[in-house]
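Beneath this line is the structure, given in structure tokens, with notes to follow.
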Amino acid sequence: MNLLEIQDLHVRVADQLILKGLNLTVEKGSVHAIMGPNGSGKSTLASVLAGKPGYEIESGEIFLDGELLNDVKPEVRAQRGVFLAFQYPVEIPGVSNMEFLKAALDNIAAARGNQPANTVEFMKQVRSIAKTLDLNPEFLKRGVNEGFSGGEKKRNEILQLLLLNPHLAVLDETDSGLDIDALQVVAGGINHYRNTDNGVLLITHYPRLLDHIVPDRVHVLADGVIVRSGDKTLALELEDKGYAWLTD
Amino acid sequence: MAIEDLVPSEYSAGFITDVDSETIAPGLDESVVRFISAKKSEPGWLTDWRIKAYEYWRQQTPPTWAHVHFPEVDFEAISYYSAPKKAGEGPASLDDVDPELIRTYEKLGIPLHEQETLAGVEKKTPVAVDVVFDSVSITTTFKDKLAEAGVIFCPISEAVRSHPELVQKYLGSVVPQRDNFYAALNSAVFSDGSFVYIPQGVRCPMELSTYFRINAQNTGQFERTLIIAEKGSYVSYLEGCTAPMRDENQLHAAVVELIALEDAEIKYSTVQNWYPGDKNGKGGIYNFVTKRGACRGARSKISWTQVETGSAITWKYPSVVLRGDDSVGEFYSVALTNNYQQADTGTKMIHLGRNTRSTIISKGISAGKSQNSYRGLVRTSPAAHGARNYTQCDSLLIGSESGAHTFPYIENMNPNAIIEHEATTSKVSDDQLFLCQQRGIDPEKAVSMIVNGFCKDVFRELPMEFAVEAGKLLEVSLEGAVG
């Protein structure tokens, strides 16, 4: 069974049709890159997968592990294993990162009928992940994304990815705003997450991320539909020629 | 799903106790004042004191400056005294207390037996409790153990008889009879409340607490609390309150006076959970309260911490008069309003002595169609050299139909005083909510987590026993705030 199956998806945002019949299949153990010019619908795809309010499915289906996702609440999608790494993570002042991560983990565990994680074990695990992402443990005590730099926010998203270990990771322009060192750390985290059971949907504007995370498939999204799919060489071609030759 | 979809919260303390009560007919005149005074077997000076207050009150009109709107209170429709019948002169032991009352407090999680501890508290630190039901004190626990330390903790009606010199010296010395309309009313008709005296150099061996409950219909509760901390002493005092769900509004007009002498410290914490009315704004308590502390001695300290989640209308400004040099006043407040609740609350810090310092941290949370106002005064007198104040005033809006307002007043008469004021208003955003949901947290838990985070600076100031309680209370008050 495919991990993610999207069939003829039409999505409207504030009266404007953004996705216009998108088809996509992500197999277990694979990384799919979604590329495309600004305004092509990349972030809309990420948002609609996570069930963000305001993104209205007009027609079409989304299946996760064979189950229809269309009308499932955002928190239930997360509990079933959909993870979205945000392009612009918001701040939650006063709620410490540690507290937030524990609440997320415990809620997901409870939804799956599992016991909450042992607090000591949990803290150990978070600290060890933070270390691999080069994040100062001090930041775990700070409010969620509160006063974080752009790079810290993105690394914090990857920390959540590694801790929650979802079935499907949707990464919305996680590379934007990162310097080359941070990009390597983030890419390292994503590569570490990959296994034969899960899948990654990598939304990116720049082919450079794909030097670090090698995709199985590359898709070009333009005006709400996938106009070209190929292997990793398509990314190289895009680097040379840009998008114009595909969208004209 | 959007945070605008607000539904009412459940009020778990809203039940009515069926207990045989003696309640006097509604209405207020001199004979009612004399009746209450006689009921408490009070000395002549106190009867006269009440009558003076009544005569002043009679000529006054209720204040209208607060940012709250409600139909005029009919003071003739209120009964000013109601007591469970068996209580009589006050029960000698818990065995004399109506079992129905004991069950009431069990339901509320308040321990009347000394071997029990406050509900939900794992720490086995005992808390002494004075329990006030309508107009009378039902029981006070741990009296003997406190007496060993020289601490007096008893109903104020008892203190009038057993320690008249202390009551006469301090009653009305911080909040005079003529302080304001509701304080005058309270002075005339106050029925019970707690009295605390901490002798010189004594650190009170346990937390003291009073639990107020309004039960009877059409009655007001007018309690009066007096806490005196002698030189070098320390006490931490907690106050909790609940009332049944009733369709009509009920009046609660309390007065609390704190006196801290040289090097003494009083920490006063409140978790106010009076019935807030239903989702349409019907019923609920009018909470019109005057609370003030006097830092009389050098280096004394008074700290108010309040978590206000209940009441239809809250009108309350716990204040500190900083007379002693180097004295310290603190005010930490969380005020949460939902549905049609209205709160106008804040503090006054009056700097009279040298190098006096005050801190004000206020967190207002408005949900539903509620209105939440901070009103605060910082005043420094010409003699208050080196006075310092820091005020931080944050408002959090949930949904788009509630209101948050800030009315800070600064009257600085000393050129070298330092006064800082910071204020923010923020909103629980759809994006914050979505981030939480995307991580598997349901929206109700998410809002409660966000609000708790917002209140962290204040919760830190609460004693352990109450911090847990306060967090849970916020969660309950916000229950269904997102749908």
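The values are calculated or read from the model by the stated rules, or taken from the named source; none is laboratory data. Quick caveat: nothing in here was measured; it's all calculated off a predicted structure. Cβ: placed from backbone, ideal geometry, glycine included. Neighbour counts: every protein chain shown. Just the protein is used for accessible areas: all its heavy atoms, side chains included, with ligands, DNA and RNA removed. Shrake-Rupley method; radii C 1.70, N 1.55, O 1.52, S 1.80 Å.
Here are the numbers for this structure:
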{"item": "Solvent-accessible area buried by pairing B with A, both sides, nearest 100 square angstrom, 1.4 angstrom probe", "result": "2100"}
{"item": "Other-chain or far-sequence residues with amide H under 5 Å of residue B:396's (modelled H)", "result": "B:364, B:365, B:366, B:426"}
{"item": "Signed unit charges on C-beta, dipole axis of the range A:94-248, positive-most listed residue A:212, A:233, A:170", "result": "A:170"}
{"item": "Accessible surface, 1.4 Å probe, highest first, among residues B:458, A:120", "result": "A:120, B:458"}
{"item": "Within the protein assembly as shown, helix-based [θ] at 222 nm, where runs of 4 or more DSSP H residues each add -39,500 (n - 2.57), nearest 500", "result": "-8000 deg cm²/dmol"}
{"item": "Dipole of the range B:247-312, positive end: most advanced residue of B:295, B:253, B:276 [Cβ charges, Cα centre]", "result": "B:295"}
{"item": "Surface accessible to a 1.4 Å probe, per residue, for the residues of chain A, Å²", "result": "43"}
{"item": "Unit charges on C-beta of K, R, D, E only; dipole of the range A:4-247, Debye", "result": "460"}
{"item": "In degrees, nearest ten, helix A:97-111 long axis to first principal axis of chain A (Cα)", "result": "70"}
{"item": "Cα gyration tensor shape for the protein assembly as shown, rounded if a/c is under 1.5, else prolate or oblate", "result": "prolate"}
{"item": "Residues whose placed amide H lies under 5 Å from that of residue B:219, excluding near-sequence neighbours", "result": "B:79"}
{"item": "Those residues of the range B:423-440 for which accessible area with every protein chain present is at least 30 Å² below the isolated value (1.4 Å probe)", "result": "B:431, B:432, B:434, B:435, B:437, B:438, B:439, B:440"}
{"item": "Crossing angle, helix A:150-164 versus chain A [Cα axis fit, 0-90 degrees, rounded to tens]", "result": "80"}
{"item": "Accessible heavy-atom area order of B:203, B:354, B:292, B:50, highest first, probe of 1.4 Å", "result": "B:203, B:354, B:292, B:50"}
{"item": "Accessible carbon and sulfur surface of the protein assembly as shown relative to its total accessible area, %, 1.4 Å", "result": "48"}
{"item": "Whether the range B:425-468 is rounded, prolate or oblate, judged on the alpha carbon gyration tensor where a/c under 1.5 counts as rounded", "result": "oblate"}
{"item": "Cβ-placed point charges (K, R +1; D, E -1), dipole of the protein assembly as shown about Cα centre in debye, nearest 20", "result": "1700"}
{"item": "Shape of the range A:57-204, Cα gyration tensor, a/c cut at 1.5", "result": "oblate"}
{"item": "Per-residue SASA entry for residue B:231, accessible area with 1.4 Å probe, Å² rounded to 10", "result": "90"}
{"item": "Inter-chain shielding of A:103-113 (mean C-beta neighbours from other protein chains, 10 Å cut-off)", "result": "3"}
{"item": "Among A:200, B:403, B:240 the positive-end extreme of the charge dipole of the protein assembly as shown (Cβ point charges)", "result": "B:240"}
